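S.K.: Sending over a structure as structure tokens; questions will come in a sec.
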Amino acid sequence: MPIETLSTTHFRNLVSCTVKFGPEANVLYGNNGSGKTNLLEAIFTLCLGRSQRGAADPVLVNAQADFYRLEGEISTPTSTHKLAVAYQAGGRKRITIDTVSARASELYEYSCLVAAGPEDSDILSGPPAARRLFLDLYLAQLSSRYLADLSDYQRVVVQRNAALRSEMSPEPFDALLVDYGVRIMLARAVFLNSLSVEATRAYSRITGGEPLRVSYEPKVRFDLAVTRPDAVAAAFQSELAREADRERAAQVSLVGPHRDEVAFDICGLPARTHGSQGQWRAAAIALKLGVFELLKEKRGEPPILLLDEIFAELDSERSNRLVESFVDADQLFLTTAVEPPHALFETARRFRIVAGKVMES
């Protein structure tokens, strides 16, 4: 599913550009602030309808404009499809597939991407919301059911919170909260169990043997070895009853997967408090490589890789080991302000980016 072309209008500092990409490696280089990361973000937004960095649509609009538009072509085994994503300030986002209006969820049928960048260290060291964003971005690509459940669950949480703020009973929303929430938690449990195996293997390969441990810590306490929906639902309902007074006082929903956590240990110690910058970067990349393997198996073809300054905090030995992990990627995009490992240049198409202008070199 390689991306063949991309055109941007008023997307961050990419005011007007059209790029034709290569089918294998594409190296994007230039000074910091030139627009390299913005170009990767434009690719991700075109293909999946949202920023991999969690940025809201108004933030993506160039400061001198009131809208952005992205257009591009993506190939599938049988055909080429034209995608477009546009947003008008104060309005709604509009998505089309082959000029026909579409929902954001429909993009997931055509595209599959894994993005890795400096902000991924937050998965290890940042707030719980960064870890939940990571889960949601990639589980949604593994399962259309998860994407639908997540959307429904978030809507119920908003409605339930509104009831709590109005000092009304939240109980009319509890059945739906539990129903959608149980499915989300069970999907996360299965995903993280599989991801732990792949990410641990990738991290050991990158670091030369350091151990990494990934564990799911759901807000609703249940036995992860007993994943019967009825048992998890009973645990959820008990937790809601236990926290009812606190929720009324706080006027916000305190129980459910919107409060989930994921724990990471490196060399037997909590990564958040004991990991180094280099370990956080290597572990974050290992997680993305693990996701890459899971998506490749599930979707039947490798995802597109978007790699943003991934060598910045890795020594040369770890960088060279990391390059070996890219051999299965059909198409990858790599941004760099420094010289990347020579192996990436053998089949790469190179683009120089200066102040939002993209030039093939």
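S.K.: Restricted to region 152-178, and to residues that are of a type in the set (A, V, I, L, M) and free of Cβ contacts under 8 Å to residues at least 12 places away in the same chain, which residue is nearest to Ala233 (Cα to Cα)?
M.R.: Ranking the candidates gives Ala175 first.
S.K.: Continuing with this model, one more query. Going by the structure shown, is Ala202 among the small types (Gly, Ala, Ser) and over 15 Å from Gly290 (Cβ atoms)?
M.R.: no
S.K.: Looking at region 224-243 only, could you name the residues that are in contact (Cβ under 8 Å) with a residue 24 or more places away in the chain and in a helix (DSSP H, G or I)?
M.R.: The answer is Pro229, Val232, Ala233, Phe236, Gln237, Leu240.
S.K.: Please pick out the residue among Pro229, Pro128 that is in contact with a Leu (Cβ under 9 Å, 6 or more places away or on another chain), of a type outside the set (S, T, N, Q) and surrounded by fewer than 21 Cβ atoms within 10 Å (Cβ to Cβ).
M.R.: When all the criteria are applied, what remains is Pro229.
S.K.: Then there is this: Is it the case that Leu150 is buried (at least 21 other Cβ atoms within 10 Å of the Cβ) and closer than 18 Å to Pro257 by Cβ?
M.R.: yes
S.K.: OK, next. Within region 169-209, which residues are assigned to a helix (DSSP H, G or I), surrounded by fewer than 22 Cβ atoms within 10 Å (Cβ to Cβ) and small (Gly, Ala, Ser)?
M.R.: Ala175, Ala187, Ala189, Ser194, Ser196, Ser204
S.K.: Still on this structure, I have one more. Of the residues that sit in region 39-74 and are among the small types (Gly, Ala, Ser) and over 23 Å from Ser144 (Cβ atoms), which one is surrounded by the fewest Cβ atoms within 10 Å (Cβ to Cβ)?
M.R.: Let us first name the residues in region 39-74 that are among the small types (Gly, Ala, Ser), namely 42, 49, 51, 54-56, 63, 65, 72.
From the residues that got through so far, the ones that are over 23 Å from Ser144 (Cβ atoms) too are 42, 55-56, 63, 65.
On the way: Ala42: 25, Ala55: 13, Ala56: 10, Ala63: 7, Ala65: 13.
Ranking the qualifying residues of region 39-74, first place goes to Ala63.
S.K.: Still on this structure: Which pairs turn up if I take residues in region 90-116 that are in the same structural domain as Ala65 (by TED's automatic domain parsing) and over 23 Å from Gly290 (Cα atoms) and look for partners that are outside any loop (DSSP other than H, G, I, E, B) and among the acidic types (Asp, Glu) with beta carbon separation below 7 Å, at least 6 apart in sequence or on another chain?
M.R.: Partner pairs satisfying both residue conditions: Lys93/Asp57; Ile97/Glu106.
S.K.: I'm trying to understand the selection: among the residues of region 35-56, which are in a loop (DSSP other than H, G, I, E, B), in contact (Cβ under 8 Å) with a residue 24 or more places away in the chain and polar (S, T, N, Q)?
M.R.: Gln52
S.K.: Moving on. Can you tell me which of (1) in contact with a helix residue (DSSP H, G or I) (Cβ under 9 Å, 6 or more places away or on another chain); (2) surrounded by 23 or more Cβ atoms within 10 Å (Cβ to Cβ); (3) basic (Lys, Arg) is the one Lys36 doesn't meet?
M.R.: (1)
S.K.: I need the full set of residues from region 57-98 which are within 24 Å of the chain's Cα centre (by Cα), part of a loop (DSSP other than H, G, I, E, B) and modelled with pLDDT of 95 or more, in order please.
M.R.: Asn62
S.K.: If I filter region 13-33 for residues that are in contact with a helix residue (DSSP H, G or I) (Cβ under 9 Å, 6 or more places away or on another chain), small (Gly, Ala, Ser) and either under 18 Å from Thr336 (Cβ atoms) or assigned to a loop (DSSP other than H, G, I, E, B) (or both), do I get at least one hit? I'd like the intermediate steps shown before the answer.
M.R.: Of the residues in region 13-33, the ones in contact with a helix residue (DSSP H, G or I) (Cβ under 9 Å, 6 or more places away or on another chain) are 13-14, 17, 19, 21, 25, 27-30.
Next cut, small (Gly, Ala, Ser) only: 25, 30.
With either under 18 Å from Thr336 (Cβ atoms) or assigned to a loop (DSSP other than H, G, I, E, B) (or both) added as a condition, the list becomes 25, 30.
Yes: region 13-33 contains one or more residues that are in contact with a helix residue (DSSP H, G or I) (Cβ under 9 Å, 6 or more places away or on another chain), small (Gly, Ala, Ser) and either under 18 Å from Thr336 (Cβ atoms) or assigned to a loop (DSSP other than H, G, I, E, B) (or both).
S.K.: In region 197-223, which residues are closer than 12 Å to Val262 by Cβ and in contact (Cβ under 8 Å) with a residue 60 or more places away in the chain? Even if it seems obvious, please write down each step before you answer.
M.R.: Going residue by residue through region 197-223, those that are closer than 12 Å to Val262 by Cβ are 199, 213-219.
Correct list: Ala199, Val214.
S.K.: Determine which member of the set Gly126, Gly117 is within 16 Å of the chain's Cα centre (by Cα) and closer than 23 Å to Arg299 by Cβ.
M.R.: From the options Gly126, Gly117, the qualifying one is Gly117.
S.K.: Continuing with this model, one more query. Within region 263-311, track down each residue that is modelled with pLDDT under 95 and among the charged types (D, E, K, R).
M.R.: Listed by number, the residues that qualify are Arg272, Arg281, Lys288, Glu293, Lys296, Glu297, Lys298, Arg299, Glu301, Asp308, Glu309.
The values are calculated or read from the model by the stated rules, or taken from the named source; none is laboratory data. The model shown is predicted, which means the values in this text are computed figures rather than measured ones. All Cβ positions, glycine included, derive from the backbone under ideal geometry; neighbour counts span all protein chains shown.
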